[in-house]
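The values are calculated or read from the model by the stated rules, or taken from the named source; none is laboratory data. All values derive from a computational prediction rather than experimental measurement. Cβ: placed from backbone, ideal geometry, glycine included. Neighbour counts: every protein chain shown.
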Amino acid sequence: MNIEGILARLEQVRPSGRGWIARCPAHADRIPSLSIRECDRKILLHCFAGCTVDSVCTALNVGVRDLFMEPCPAAEAKPHVLRQVEKQIASLRNTLSPRDRERAVTVVLADETSLDAAIARALALAVEGELVQIAFKEGVG
């Protein structure tokens, strides 16, 4: 998608600096707070009220990948359970001290047959000072 296609989906668009400003479609925006700019063959969106790029794209009915003029190389698909664990780890990092945020988190995969062993391994790693998360393989639950 090009910049004109994005701008056409927005309301109260006007030039601002090196780009445009418009009402953010992701929240009840009375005063335009969404900055739109084209840079290095990609469209940059920034909501000064704090909406994420994902939520703005969802409200515009476009995908984040539509903001790039050239297709991104296909990423290797990760199993659903690993994507969920990565989201949980990102959320967990927000609650940690700055020093702990820099530490790696070890993920221990478990299923119904290996739950006891996974818990024992996670506890042993935690005792050694590692940050640990147990993730259940898909289909468990």
Candidate set from segment 14-32 (those that are touching a residue at least 24 places away in the same chain (Cβ under 8 Å) and part of a loop (DSSP other than H, G, I, E, B)); member that is surrounded by the fewest Cβ atoms within 10 Å (Cβ to Cβ): His27
Filter pass, Ala59 being over 30 Å from Ala110 (Cα atoms), part of a strand (DSSP E or B) and modelled with pLDDT of 90 or more: no
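State yes or no: is Arg41 surrounded by 13 or more Cβ atoms within 10 Å (Cβ to Cβ) and among the basic types (Lys, Arg)?
It is false that Arg41 is surrounded by 13 or more Cβ atoms within 10 Å (Cβ to Cβ) and among the basic types (Lys, Arg).
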Condition check for Gly141: outside the structural domain of Gln84 (by TED's automatic domain parsing) and at pLDDT below 85: yes
Any chance Ala104 is within 25 Å of the chain's Cα centre (by Cα), among the small types (Gly, Ala, Ser) and either surrounded by 13 or more Cβ atoms within 10 Å (Cβ to Cβ) or at pLDDT 75 or above (or both): yes
Residues (touching an Asp or Glu at 6+ places or on another chain (Cβ under 9 Å), charged (D, E, K, R) and not in a strand (DSSP E or B)) located in segment 39-54: Arg41
Pair list, Cβ under 6 Å, 6 or more apart: segment 123-136 residue in the same structural domain as Val108 (by TED's automatic domain parsing), other residue among the acidic types (Asp, Glu) and in a loop (DSSP other than H, G, I, E, B): none
Candidates Lys87, Lys78, filtered to the one that is modelled with pLDDT of 75 or more and either surrounded by fewer than 12 Cβ atoms within 10 Å (Cβ to Cβ) or outside any strand (DSSP E or B) (or both): Lys87
Qualifying residue in segment 1-16 (condition: at pLDDT below 90 and of a type in the set (Lys, Arg)): no
